[in-house]
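Visitor: Pasting a structure below so you can have a look.
Read-outs: derived from the displayed coordinates by stated rules, not from any lab. Keep in mind it's a predicted model, so treat the numbers as computed, not measured. Note: ideal-geometry Cβ built from the backbone for every residue, glycine included; neighbour counts use all protein chains shown.
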Amino acid sequence: MQIKVPLTASGFLADRYSKYASLNEQYQGYPIISPPISIREVPAETKSLALSLLDYDAVPVSGFVWIHWLAANFAPDVTEIPEDSSQHPQFNFVQGRNSNAGGLIHQSDPTIYQHYVGPQPPDRTHQYQLTVYALKQPLELQSGFWFNQFQQAIEPQIITTATLLLPGRA
């Protein structure tokens, strides 16, 4: 399986998907427009797709891997997840909570904590790990699931994964 997200000529995630989004592309100071994702060569036996966008470079800053987006139960024939699908889905899927939902941040607005929130690296360029999972069946998750629920549900269902590092500039 192969995945692709367009990057700028400099090799970074485009501004509109990250901390440099214009004010009309943010919500309460958060970049909320998710990037387009192309998916190719999905195994024939796939019954569902899922994704995670994680920032392992956040560990020295926050003490844990920062979750930017969790989504599951995309149809297996999806080859393009269009831009801004997190806020304005064009097909059915469920979304989990990102790191803004936890007790450390205390975010109470689901527009922020239960959707894509783009990279905002505070210290240096971070590598954001996008993983798309081809699964044996849809996951039994409801909107608002937590990362631990995602991990427990997905582990026995994985056929294959594709991972892409997306550089986000500080």
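Visitor: Condition test on A21, is it of a type in the set (G, A, S), farther than 21 Å from F147 by Cα and surrounded by fewer than 18 Cβ atoms within 10 Å (Cβ to Cβ)?
Guide: no
Visitor: Just give me the residues in segment 66-104 being of a type in the set (D, E, K, R) and closer than 17 Å to F145 by Cβ, in sequence order.
Guide: Across segment 66-104, the qualifying residue is only R97.
Visitor: Any chance you could count how many residues in segment 1-55 are in contact with a helix residue (DSSP H, G or I) (Cβ under 9 Å, 6 or more places away or on another chain), in a loop (DSSP other than H, G, I, E, B) and charged (D, E, K, R)?
Guide: 1
Visitor: Within segment 94-111, take every residue that is surrounded by fewer than 14 Cβ atoms within 10 Å (Cβ to Cβ) and small (G, A, S) and give me the one that is farthest from S62 (Cα to Cα).
Guide: S108
Visitor: Let me ask you something else. For residues that are among the small types (G, A, S) and within 21 Å of F93 (Cβ to Cβ), scanning just segment 1-50, find the one that is nearest to the chain's Cα centre (by Cα).
Guide: Top of the filtered list is S34.
Visitor: Now, a different point. So is I67 within 15 Å of S38 (Cβ to Cβ) and among the aliphatic types (A, V, I, L, M) or not?
Guide: no
Visitor: If we keep just the residues of segment 45-93 that are among the charged types (D, E, K, R) and under 21 Å from L165 (Cα atoms), which is surrounded by the most Cβ atoms within 10 Å (Cβ to Cβ)?
Guide: The selected residue is D55.
Visitor: Looking only at residues that are aliphatic (A, V, I, L, M) and assigned to a loop (DSSP other than H, G, I, E, B) in segment 123-165, which one is nearest to N98 (Cα to Cα)?
Guide: Taking the candidates together, the pick is L141.
Visitor: So which pairs qualify, if the first residue must be in segment 62-79 and more than 18 Å from R97 (Cα to Cα), the second must be surrounded by fewer than 17 Cβ atoms within 10 Å (Cβ to Cβ), the Cβ gap must be under 6 Å, and the two must be at least 6 apart or on different chains?
Guide: Going by the 6 Å Cβ cut-off, the qualifying pairs are P76/K47.
Visitor: Let me ask something else about it. Counting only residues that are without any contact (Cβ under 8 Å) to a residue 40 or more places away in the chain and surrounded by fewer than 17 Cβ atoms within 10 Å (Cβ to Cβ), which one in segment 114-162 is farthest from T46 (Cα to Cα)?
Guide: N148
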